[in-house]
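Here's the structure we're looking at; comments come further down.
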Amino acid sequence: MDFRSDTVTRPTAAMKAAMFDAELGDDVFGDDPTVNRLQAMAADMLDFEAGLYLPSGTQSNLVALMTHCRRGDEAIVGQQWHTYRWEAGGMAVLGSIQPQPLPHQPDGTIALEDIESAIKPDDPHFARTRLVVVENTHHGRLLPLAYMQDVAALAKKHGLAAHIDGARIFNAAAALAQQQGGDPYDAVRALCRGYDSVSVCLSKGLGAPVGSVLLGSKPFIAEARRARKMVGGGMRQAGLLAAAGIHALEHHVRRLADDHALAARIETGLAESVAAHAKLGGRAVVHPAQTNMVFMDVDGEIADAFLAHLAAHGVRVTAGYVKAGALSMKRLRWVAHLDVGQDDVRRALEIVRAF
């Protein structure tokens with residue numbers, strides 16, 4: 001029962017068959033037909049001109065930032081955005097790009113006025129502000145469509161580029177489609193409209209084993225290809241992996257709603273277990289799930305015992321420290337994905353209740 005992340009998914013039998021049958025070439029020469037098909041498919045699906053296949057989401061974001069910015073330029077990011085906090089400082093270390101991190105609002109967004117006030121004047125004392133970055137979803141939360149449109153418009157107003165770290169953009173699209181009663185393929189285009197680039201991860205909820213696709217204009221992708229080479233991201237017979245991405249985009253997008261439903265079940269079950277034990281008295285809090293992630297804060301004094309109990313019974317989650325008022329809590333993350341089902345959730349919740 002592995003709830004650590006949607007990155008732990010393994011290819012389905014149908015995906016493996018697609019990989020086995022993939023037509024191959026040399027992608028560094030640009031003649032791997034399966035890679036080319038994936039890039040064109042993803043670009044068309046999200047309404048961009050061109051795409052570039054990369055080994056990882058971290059590299060895809062790095063290549064995007066290095067393409068938008070030059071040495072000494074600045075990118076506005078969130079304090080908790082993956083591009084700033086979880087990518088080993090790559091934009092600064094390898095791209096010589098100055099990050100300008102901003103605090104988040106309770107809903108995961110960055111206030112528009114904070115973004116606008118962080119844009120530097122054209123003055124040699126300051127780094128040149130070139131780029132605004134957003135992340136959708138962020139910690140499992142959907143950044144609303146209106147907000148996404150407002151950020152894109154704000155960037156355009158100031159002559160800045162705008163990039164989406166869309167590692168789970170299809171989870172955002174599935175949630176938006178459910179809210180509006182539409183289709184996730186239409187929703188993802190709406191979320192990306194007005195942005196100059198987006199990085200889409202194929203190896204999370206979509207279930208492919210490897211890879212991300214960076215999307216943008218044809219000139220942007222031509223420059224990004226150069227940056228990809230610079231950071232060692234060129235692959236040869238990559239169609240073997242790209243075929244998995246094609247299968248994921250064709251077959252695994254609409255099923256993300258199933259993961260969201262499972263996450264809602266996890267949230268309800270955890271909340272019921274907490275509510276049934278009055279003595280916990282605020283020492284365990286379950287946060288609402290919007291997509292495929294559930295976060296649960298547990299008092300540090302009991303969290304280690306709880307985690308040990310889960311591990312002893314085969315339940316795997318991730319955890320890290322957070323502050324909640326006077327309490328030092330551990331925040332547990334439960335992620336629903338392709339390789340967990342109703343029975344896994346039922347068994348896991350029984351194990352939680354037993355503790």
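The values are calculated or read from the model by the stated rules, or taken from the named source; none is laboratory data. Bear in mind that the values here come from a model prediction, so they are computed numbers and not experimental data. Backbone-built Cβ (ideal geometry, glycine too); neighbour counts: all protein chains shown.
With respect to the conditions (1) basic (Lys, Arg); (2) farther than 24 Å from VAL188 by Cα; (3) in a helix (DSSP H, G or I), ARG37 lacks only one, and its number is (2). Answer yes or no: is there a residue in the stretch 305-313 that is within 19 Å of the chain's Cα centre (by Cα) and without any contact (Cβ under 8 Å) to a residue 24 or more places away in the chain. No.
Among the candidates ALA172, ALA257, single out the residue that is among the small types (Gly, Ala, Ser) and either outside any helix (DSSP H, G or I) or in contact with a strand residue (DSSP E or B) (Cβ under 8 Å, 6 or more places away or on another chain) (or both). Steps first, please.
Working: ALA257 fails: either outside any helix (DSSP H, G or I) or in contact with a strand residue (DSSP E or B) (Cβ under 8 Å, 6 or more places away or on another chain) (or both).
That would be ALA172, the only listed residue that is among the small types (Gly, Ala, Ser) and either outside any helix (DSSP H, G or I) or in contact with a strand residue (DSSP E or B) (Cβ under 8 Å, 6 or more places away or on another chain) (or both).
For every residue, the table says whether it meets (1) within 25 Å of the chain's Cα centre (by Cα); (2) polar (S, T, N, Q); (3) surrounded by fewer than 21 Cβ atoms within 10 Å (Cβ to Cβ).
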{"residue": "ALA222", "(1), (2), (3)": "yes, no, yes"}
{"residue": "HIS251", "(1), (2), (3)": "yes, no, yes"}
{"residue": "LEU256", "(1), (2), (3)": "yes, no, no"}
{"residue": "GLU272", "(1), (2), (3)": "no, no, yes"}
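When ALA308, ALA336, ALA354 are screened for being touching a His at 6+ places or on another chain (Cβ under 9 Å) and farther than 25 Å from LEU256 by Cα, only ALA354 passes. Within the stretch 333-352, residues that are closer than 21 Å to GLY320 by Cβ and touching a residue at least 12 places away in the same chain (Cβ under 8 Å) reach partners that are surrounded by 19 or more Cβ atoms within 10 Å (Cβ to Cβ) and acidic (Asp, Glu) with beta carbons closer than 8 Å, at six or more positions or on different chains, in the pairs VAL335/ASP6; ALA336/ASP6; ALA336/ASP259; HIS337/ASP6; HIS337/ASP259.
Being in a helix (DSSP H, G or I), free of Cβ contacts under 8 Å to residues at least 24 places away in the same chain, surrounded by fewer than 19 Cβ atoms within 10 Å (Cβ to Cβ) and of a type in the set (Gly, Ala, Ser): is that true of ALA146 here? Before the answer, list the steps.
Numbers: in a helix (DSSP H, G or I): yes; free of Cβ contacts under 8 Å to residues at least 24 places away in the same chain: yes; surrounded by fewer than 19 Cβ atoms within 10 Å (Cβ to Cβ): yes; of a type in the set (Gly, Ala, Ser): yes.
Spelling it out, ALA146 is indeed in a helix (DSSP H, G or I), free of Cβ contacts under 8 Å to residues at least 24 places away in the same chain, surrounded by fewer than 19 Cβ atoms within 10 Å (Cβ to Cβ) and of a type in the set (Gly, Ala, Ser).
When the residues of the stretch 306-355 are filtered to those that are part of a strand (DSSP E or B) and among the polar types (S, T, N, Q), the one that is farthest from PHE295 (Cα to Cα) is SER328.
Hey, any hits in the stretch 283-290 for a residue that's more than 25 Å from ASP6 (Cβ to Cβ) and either among the basic types (Lys, Arg) or in a loop (DSSP other than H, G, I, E, B) (or both)? Yes, the stretch 283-290 has at least one match. In the stretch 38-45, the condition of being buried (at least 19 other Cβ atoms within 10 Å of the Cβ) and over 16 Å from PHE220 (Cα atoms) is met by at least one residue.
Screening the candidates VAL335, VAL286 for the property of being touching a Lys or Arg at 6+ places or on another chain (Cβ under 8 Å) and surrounded by 19 or more Cβ atoms within 10 Å (Cβ to Cβ) yields one hit, VAL335. Being in contact (Cβ under 8 Å) with a residue 12 or more places away in the chain and within 16 Å of the chain's Cα centre (by Cα) is a description that does not apply to THR67. Within the stretch 57-75, does at least one residue satisfy the condition of being assigned to a loop (DSSP other than H, G, I, E, B), surrounded by 17 or more Cβ atoms within 10 Å (Cβ to Cβ), of a type outside the set (D, E, K, R) and in the same structural domain as GLY207 (by TED's automatic domain parsing)? For the stretch 57-75, residues assigned to a loop (DSSP other than H, G, I, E, B), surrounded by 17 or more Cβ atoms within 10 Å (Cβ to Cβ), of a type outside the set (D, E, K, R) and in the same structural domain as GLY207 (by TED's automatic domain parsing): present.
Out of ALA127, ALA152, I need the residue that is within 19 Å of the chain's Cα centre (by Cα), in contact (Cβ under 8 Å) with a residue 24 or more places away in the chain, at negative phi and not assigned by TED's automatic domain parsing to the domain that holds ALA263. Which one? I'd like the intermediate steps shown before the answer.
On the way: ALA127 fails: within 19 Å of the chain's Cα centre (by Cα).
Step by step, each of ALA127, ALA152 is checked, and only ALA152 is within 19 Å of the chain's Cα centre (by Cα), in contact (Cβ under 8 Å) with a residue 24 or more places away in the chain, at negative phi and not assigned by TED's automatic domain parsing to the domain that holds ALA263.
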